[in-house]
């Protein structure tokens, strides 16, 4: 936070006692070399971490120039010839494989927005309506657990439970019922992916909603009750408005990720169902680029995806501001 | 049963001191209790949710210790073992592929977590003094890095360019700093009273002394949480290993898990370097699964005590 005018004008002695770390550093605006020499240890502390971030998150941004080049590994990025927008033609001319990947991505994003996004809100409301704190905490602790498992484990668990010789089908067969084909069935693959996400992350995602609910003043409910509001109306007029800011925030962040629909999860199961239903933009980039060697085209697709994501976040944030919400950052 | 509960509730709650009523939503005076079938429905929904989470673990652990004949009778997983039989664990942990992968995973997790925690703390502390040199631009760089990713291909080319392909450092360095964790640590450090650090400085302590002697000891709880977050992410990492490691001799446990459990490649005696007859394949597979689960299940109780708090700091201050 930049210091407000009031803070800057406040007399040093009065302001000092309650200030957090570094208040002493704030007031005198020394020239930069003086500040550098004063804070050299702090800068030195920050250096290794900053270098890691710059090297592994910012330098690769420059690597996106290969989207405009015919990249050849033995020539390197610098020497490979420029080809302008050639690599982007695959996107704008509608290459069938690319379009299929785009379609699957959009279907999955739609399913996730529809089924995955509201699930933790409903669960949080349910947990919040429990009277017993002990039961509530027990349920929370059980439901948080899957979040900490890797996708490999989650996919393996689903296979063992729902697969051809899994627990469910063995049970059905031993009771003379037809087995269900769930794993490896292209028709239900999108729903399976969605179910896996719900299983893994719904419990954990309630944490932020429950935190928001714990700040609601109980007197609001009592006042509403005095006015004759029943449970449902209390939920509608008190609980849900308390969650509105968080819901909008998470929705904006989700929107920014709407073209990323779970790379690890999908690549693990791609062999079982085939690429027809399982190819999404991320796996397309991986399969064509790192596996298939079409570096330039894959980088172009990845670049467009990244840019669209940033535009979606900034755009949604703008819309949130227009409607008077705070969004991800303040305007 | 639910009827008696609903009857006694109100008298219990009304005598509750107001301070205890702050957490979450309690019984509201003047609102009738929901009818019994609503309570029952809630209990059922939550019960089913919990069962769906727990049942797979019970079946997996049971199958890994069930005797061979029970597994062949069931044709796969069993829900409860007839007897306890640890042969599967003996086989996979006697020095073959799985043992090696487990050791690699442990090594990467320990080294990675130590490095991540150390560099993140230093970075967060370096940024925790408003007004210090370049702290604001550096913070913005961290925050922005959370909003975008450079893309799979350029990141891969960079990792290859710096020569990390087919080394275990490829599993550590690219994910060493998590912006989220740095922001959480930073906001925690900012809450340490300034007078404390100031008085140490007056007594002649240098920045390193202040950091290691005051800031770190005061932050043990948050360090535990962040350390566990890092450890869990290293233990679970699969994607980096998949794209950066071509040499299957370097594979961590998650890739081995994929090969033998998800892709159902049968484990042979040579894979495990065991001479005698192997236990049933489902037992072996589930034993690998359990081995990869155990560290998470061990740290989970510690984790869950703190993570609500850790998440809150990040959510409020981030």
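The values are calculated or read from the model by the stated rules, or taken from the named source; none is laboratory data. Note that this is a predicted model, so its numbers are computed, not measured. Cβ atoms come from the backbone with ideal geometry, glycine included; neighbour counts cover every protein chain shown.
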Matching residues, segment A:151-175, being within 7 Å of another protein chain (Cβ to nearest Cβ) and either without any contact (Cβ under 8 Å) to a residue 24 or more places away in the chain or surrounded by fewer than 21 Cβ atoms within 10 Å (Cβ to Cβ) (or both): A:153, A:156, A:157, A:160, A:161, A:165, A:166, A:167, A:170
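Conditions (1) closer than 14 Å to residue A:105 by Cβ; (2) in contact (Cβ under 8 Å) with a residue 60 or more places away in the chain; (3) part of a helix (DSSP H, G or I), marked per residue:
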residue	(1), (2), (3)
A:252	no, yes, yes
A:255	yes, yes, yes
A:268	no, yes, yes
A:297	no, yes, yes
A:303	no, yes, yes
A:307	no, no, yes
Segment B:62-88: number of residues that are crowded, with 16+ Cβ neighbours inside 10 Å and either closer than 10 Å to residue A:167 by Cβ or in contact with a strand residue (DSSP E or B) (Cβ under 9 Å, 6 or more places away or on another chain) (or both): 5
Residue identified as more than 7 Å from chain A (Cβ to nearest Cβ), within 30 Å of residue A:74 (Cα to Cα), in contact with a helix residue (DSSP H, G or I) (Cβ under 6 Å, 6 or more places away or on another chain) and touching a residue at least 24 places away in the same chain (Cβ under 8 Å) among B:159, B:98, B:108: B:159
One residue from B:30, B:75 being at pLDDT below 85, facing chain A (nearest Cβ under 7 Å) and closer than 30 Å to residue B:288 by Cα: B:75
Residue check for residue B:48: at pLDDT 85 or above, outside the structural domain of residue B:271 (by TED's automatic domain parsing), within 27 Å of residue A:203 (Cβ to Cβ) and under 24 Å from the mean Cα position of the chain (by Cα): no
Unique residue being assigned by TED's automatic domain parsing to the domain that holds residue A:312, over 27 Å from residue B:260 (Cα atoms) and either in contact (Cβ under 8 Å) with a residue 40 or more places away in the chain or under 19 Å from the mean Cα position of the chain (by Cα) (or both) when the list is A:125, A:138, A:191: A:125
Matching residues, segment B:142-168, being surrounded by fewer than 17 Cβ atoms within 10 Å (Cβ to Cβ) and either modelled with pLDDT under 90 or assigned to a helix (DSSP H, G or I) (or both): B:143, B:144, B:146, B:147, B:148, B:160, B:161
Residues of segment B:113-143 satisfying the condition of being away from every other protein chain (no Cβ under 12 Å) and in contact (Cβ under 8 Å) with a residue 60 or more places away in the chain: B:113
Selection count where residues are in a helix (DSSP H, G or I) and more than 16 Å from residue A:325 (Cα to Cα), scope segment A:219-244: 17
Residue A:247 vs. criteria free of Cβ contacts under 8 Å to residues at least 12 places away in the same chain, in a helix (DSSP H, G or I) and assigned by TED's automatic domain parsing to the domain that holds residue A:119: no
Subset of segment B:177-190 [buried (at least 22 other Cβ atoms within 10 Å of the Cβ) and modelled with pLDDT of 90 or more]: B:177, B:181, B:182, B:185, B:186, B:189
Condition met for residue B:59 (at pLDDT 50 or above, surrounded by 14 or more Cβ atoms within 10 Å (Cβ to Cβ) and either within 10 Å of another protein chain (Cβ to nearest Cβ) or under 22 Å from residue A:141 (Cα atoms) (or both)): yes
Any chance residue B:242 is in contact (Cβ under 8 Å) with a residue 40 or more places away in the chain, surrounded by 14 or more Cβ atoms within 10 Å (Cβ to Cβ) and assigned by TED's automatic domain parsing to the domain that holds residue B:156: no
Residue B:172 under 19 Å from the mean Cα position of the chain (by Cα), under 30 Å from residue A:76 (Cα atoms) and at pLDDT 90 or above: yes
Single match in B:267, B:257 (criterion: in the same structural domain as residue B:102 (by TED's automatic domain parsing), crowded, with 21+ Cβ neighbours inside 10 Å and not in a loop (DSSP other than H, G, I, E, B)): B:257
Residue in segment A:66-82 that is farthest from residue B:141 (Cα to Cα), counting only those that are within 9 Å of chain B (Cβ to nearest Cβ) and buried (at least 17 other Cβ atoms within 10 Å of the Cβ): A:71
Which listed residue, of A:36, A:42, A:54, A:47, is part of a helix (DSSP H, G or I), more than 31 Å from the chain's Cα centre (by Cα), within 9 Å of chain B (Cβ to nearest Cβ) and surrounded by fewer than 18 Cβ atoms within 10 Å (Cβ to Cβ): A:36
Some residue of segment B:103-124 being under 30 Å from residue B:238 (Cα atoms), out of contact with any strand residue (DSSP E or B) (no Cβ under 7 Å at 6 or more places or on another chain), in the same structural domain as residue B:270 (by TED's automatic domain parsing) and outside any helix (DSSP H, G or I): no
